[in-house]
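The values are calculated or read from the model by the stated rules, or taken from the named source; none is laboratory data. As the structure is a prediction and not an experimental result, all values here were calculated from the model. Because the Cβ atoms are built from the backbone with ideal geometry, glycine has one as well, and the counts that use them run over all protein chains shown.
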Amino acid sequence: MSRVYLTTAIDYVNNRPHLGTAYEKIAADVIARYHRLVGRDVRFVMGNDEHSQNVFKRAKEQGMDPLAYCDRMEGEFREVWARLDVSFDDFIRTTESRHKVAVQEMVQRSLAAGDIYEGVYEGWYCVSCEEFKPEKGLIDGQCPVHRTTPDWIKEKNYFFKLSKYRDALLAHYAAHPDFVAPDSRRNEMLRLLEGGLDDISVSRAGQAWGIPLPNDPGSVVYVWYDALINYAAAAGFGADDALFDRWWAQTGESGRTVLHLVGKDITRFHCVVWPAMLLSAGLPLPTQIFGHGWVLFKGEKMSKSLGTVVDPLAAVEKFGPDPLRLYLTKEIVFGNDGDFSWDRFEEKYNADLANNLGNLVSRLTSMAGRYRQGRLVATAADPVLTEAFGGVATEWQAAHERLALDEACAAVFRWIDRLNEYIAVSAPWHLAKDADPAPLDRVLWNAAEGLRLAAVMLSPVIPASAREILRRLGEGAAIETWHTARVWRTSGDRQVTVKDALWPRLEPKKETDVTEPTRPATPTAPATPTTPEGTVAIPASQWPLDTRISIEDFLKIDLRVAKVLEAEKVPNSKKLMKLKIDLGSEQRTLVAGIAESYEAEQLVGRTVAIVANLKPAKLMGIESNGMILAASADGGKATLVAFEEAPAPGTRIK
């Protein structure tokens, strides 16, 4: 079995994780779940970076021992990752003994290779980054990330001979074109290497919070040098030779992958410094380092110091983890920056989940319940769907293999669109009237198979929701490996369960910037025609002037946009349909005389126009709160009023 060792950057614990931090962990979790799905052995590692002076300072501000503070923060970080459904296999902290052993071993190996020497550092140091900054790395004298002026420091340090490994790294980049991805990060690192490398500090003097250098206990290992070694430590380096052999030492052999996922702002450490440290220690290099972009908020990198932090749990509290996971995976091109706003998030929630996937689940399960009491029996595969699925599956898998997570999501949602189209064209509500049950059985089974496969393909992104969809389809919650799951089933049966909507549509926000009521404009009267003799010709009209209403009367009618949530025919009535509608600010029941024109399944999810301020009336014992607008010729079937682009429920029609 092929193996994938996947890591994320470890996090400073001076603050709780924000949405930008969560993005990396969610992306890594999607990657890990995909590899497990296709049958690979995965070790997914996350952790906390605790030997930071900012962490030490934060602990002292709270009157706590630094280690006790880090213990507490571990619990807070783990809580966030659990609520985001992040499925890591190991969580490493830089204060753990296994990490200390690995750091000591790495330093000893570089000392033995003659790659660490004593010197004096004098230059700029950004406290927030905990990074030494070359003059050319500043913008107007400030750190480009935190927009603060670094401190000028001078202290005794031990240095690592980074410059020694420039040529070896250039050779490795040439031999392994995918070593750094995406291409924009690779090109940036190549320019850095081609411009020459300076030796770097690997220690800090006069500090007790950190791992002591084995050759000089009065100095501690510089936090960045310390932190990078966590990737090897979690794989067993220095402490568990068998574990290290399994996950790292065989890197480069067929079927062995080590993948680091990091933010674009720390690629220099991971793509230049870390590989040089490994070469110095005589260890294999990772297979690939992927530098993802940032999640921006109002165009700014998320940062507490900049006041641009979004708490990921705010979304989880309201929507659960899956809508946030889907938004971050589907809407951000992986490798690029992406912007987050609550308005856009809620818009995509309604479009992708409430209206698209959620509507498909509701339509299919409700038809199975209504027409077949929930029991679907396998039929022959419909080539219209199976041929389309073959292309989608290939595209989905290829996108995942090259870490194009957004493209993989897009492929699945095109498949969901195809399934909705298949149902609309097949019209099960008409097939249900046929004496021959086979055509309806075939459509329902094949649509259910398509939905099952959509759920499996989306399981790396929305795992809890995928399991729930499978449960509703009678499949159980367990997700099979892709090799088994992708086979289109033509035997067996399934018992479908009808339940409430997975993702209820969100109500639109109330408008707060309207200063006065909007009134319908009075139509401009056309020019009055005249006869050749100059006398006024009164045009004939089926609405005599004395029967027409005034503008004041018209303004009493409140016409609104509504969304049909549920529909069912009224028992013992040929014409009446009972509808549950969403008016944005409320939900209502109304009865409409459209049952001869529409099947219930055709109405669910449809946008309609209603008279919202009609007094309630009882029809066939059901209280109707409103009237739906439809047109019909004399004696003909009703046609609902439609919109070119559906406005949000509750929108005033004027």
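With a requirement of 2 or more residues that are closer than 13 Å to A102 by Cα, more than 31 Å from the chain's Cα centre (by Cα) and of a type outside the set (A, V, I, L, M), the helices (runs of 4 or more DSSP H) lying completely within region 214-298 that satisfy it span 223-228, 241-244.
Looking at I653, is it out of contact with any Asp or Glu (no Cβ under 8 Å at 6 or more places or on another chain), under 26 Å from E347 (Cβ atoms) and at pLDDT 90 or above? Judged against the criteria, I653 is not a match. On the basis of being in the same structural domain as D151 (by TED's automatic domain parsing), touching an Asp or Glu at 6+ places or on another chain (Cβ under 7 Å) and buried (at least 22 other Cβ atoms within 10 Å of the Cβ), does V107 make the cut? Answer is no for this residue. The residue of region 56-87 that is farthest from P312 (Cα to Cα), among those that are in contact with a helix residue (DSSP H, G or I) (Cβ under 7 Å, 6 or more places away or on another chain) and aliphatic (A, V, I, L, M), is A59.
So that you can scan it fast, the table gives a plain yes or no per residue for (1) within 28 Å of T365 (Cα to Cα); (2) part of a loop (DSSP other than H, G, I, E, B):
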site: V564; (1), (2): yes, no
site: N572; (1), (2): yes, yes
site: K578; (1), (2): yes, no
site: E601; (1), (2): yes, no
site: A609; (1), (2): yes, no
site: L614; (1), (2): no, yes
site: E623; (1), (2): yes, no
site: A648; (1), (2): yes, yes
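Hey, does region 416-426 have a residue that's closer than 21 Å to R325 by Cβ, under 22 Å from the mean Cα position of the chain (by Cα) and free of Cβ contacts under 8 Å to residues at least 24 places away in the same chain? Checked against the condition, which is being closer than 21 Å to R325 by Cβ, under 22 Å from the mean Cα position of the chain (by Cα) and free of Cβ contacts under 8 Å to residues at least 24 places away in the same chain, region 416-426 yields no hits at all. Annotation note: Cβ proximity below 7 Å between a residue of region 92-114 that is part of a strand (DSSP E or B) and a residue that is surrounded by fewer than 18 Cβ atoms within 10 Å (Cβ to Cβ) and charged (D, E, K, R) (sequence gap 6+ or interchain) occurs for R93/E74. If you check R36, R16 for being under 30 Å from V220 (Cα atoms) and either assigned by TED's automatic domain parsing to the domain that holds I229 or touching a residue at least 24 places away in the same chain (Cβ under 8 Å) (or both), only one passes: R16. Among the residues in region 155-177, are any modelled with pLDDT of 95 or more, over 15 Å from E118 (Cβ atoms), of a type outside the set (A, V, I, L, M) and not in a helix (DSSP H, G or I)? Scanning region 155-177 turns up at least one residue that is modelled with pLDDT of 95 or more, over 15 Å from E118 (Cβ atoms), of a type outside the set (A, V, I, L, M) and not in a helix (DSSP H, G or I). Within region 299-326, the residues that satisfy the criterion of being assigned to a helix (DSSP H, G or I) and touching a residue at least 24 places away in the same chain (Cβ under 8 Å) are P312, L313, A315, V316, F319, P321, D322, P323, L324, R325, L326.
The set of residues in region 51-91 being under 27 Å from the mean Cα position of the chain (by Cα) and part of a loop (DSSP other than H, G, I, E, B) consists of L84, D85, V86, S87, F88, D89.
Taken residue by residue, region 196-209 has no member that is under 22 Å from R109 (Cβ atoms), surrounded by fewer than 18 Cβ atoms within 10 Å (Cβ to Cβ), under 32 Å from the mean Cα position of the chain (by Cα) and not β-branched (V, I, T).
Among the residues making up region 559-590, those that are over 22 Å from G621 (Cα atoms) and crowded, with 20+ Cβ neighbours inside 10 Å are R560, V561, A562, K563, G584.
Scanning region 406-446 for residues that are in contact with a strand residue (DSSP E or B) (Cβ under 6 Å, 6 or more places away or on another chain) and farther than 14 Å from M367 by Cβ returns a single hit, D406. Scanning region 336-353 turns up at least one residue that is among the hydroxyl-bearing types (S, T, Y) and not in a helix (DSSP H, G or I). Within region 178-198, being in a loop (DSSP other than H, G, I, E, B) and either under 21 Å from P286 (Cβ atoms) or without any contact (Cβ under 8 Å) to a residue 60 or more places away in the chain (or both) holds for D178, F179, P182, G195, G196, L197.
Taking helices (runs of 4 or more DSSP H) as the structural unit, those lying wholly within region 389-482 and holding at least 3 residues that are farther than 16 Å from G369 by Cα correspond to 405-426, 438-458, 463-472. The condition (being in the same structural domain as Y12 (by TED's automatic domain parsing), without any contact (Cβ under 8 Å) to a residue 12 or more places away in the chain, farther than 24 Å from F159 by Cβ and crowded, with 20+ Cβ neighbours inside 10 Å) is satisfied by just one residue among A68, A59, A82: A59. Among the criteria (1) surrounded by fewer than 22 Cβ atoms within 10 Å (Cβ to Cβ); (2) of a type outside the set (D, E); (3) over 17 Å from the mean Cα position of the chain (by Cα), the one N48 does not fulfil is (1). Does L324 fit the bill of being modelled with pLDDT of 95 or more and farther than 27 Å from Y225 by Cα? For L324, the condition - modelled with pLDDT of 95 or more and farther than 27 Å from Y225 by Cα - is met.
Each row is one residue, and each column tells you yes or no for (1) touching a His at 6+ places or on another chain (Cβ under 8 Å); (2) at positive phi; (3) crowded, with 18+ Cβ neighbours inside 10 Å.
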site	(1), (2), (3)
F269	no, no, yes
F290	yes, no, yes
F297	no, no, yes
E317	no, no, no
T329	no, no, yes
F345	no, no, yes
L357	no, no, yes
S366	no, no, yes
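Of the residues screened, F334 is one that is of a type outside the set (A, V, I, L, M) and outside the structural domain of E421 (by TED's automatic domain parsing). Among the residues making up region 475-493, those that are without any contact (Cβ under 8 Å) to a residue 24 or more places away in the chain and of a type outside the set (D, E, K, R) are G476, A477, A478, T484, V487.
Sub-7 Å Cβ pairs linking a first residue in region 385-413 that is in the same structural domain as A485 (by TED's automatic domain parsing) to a second residue that is at pLDDT below 95 and among the aromatic types (F, W, Y), at least 6 apart or interchain, number zero.
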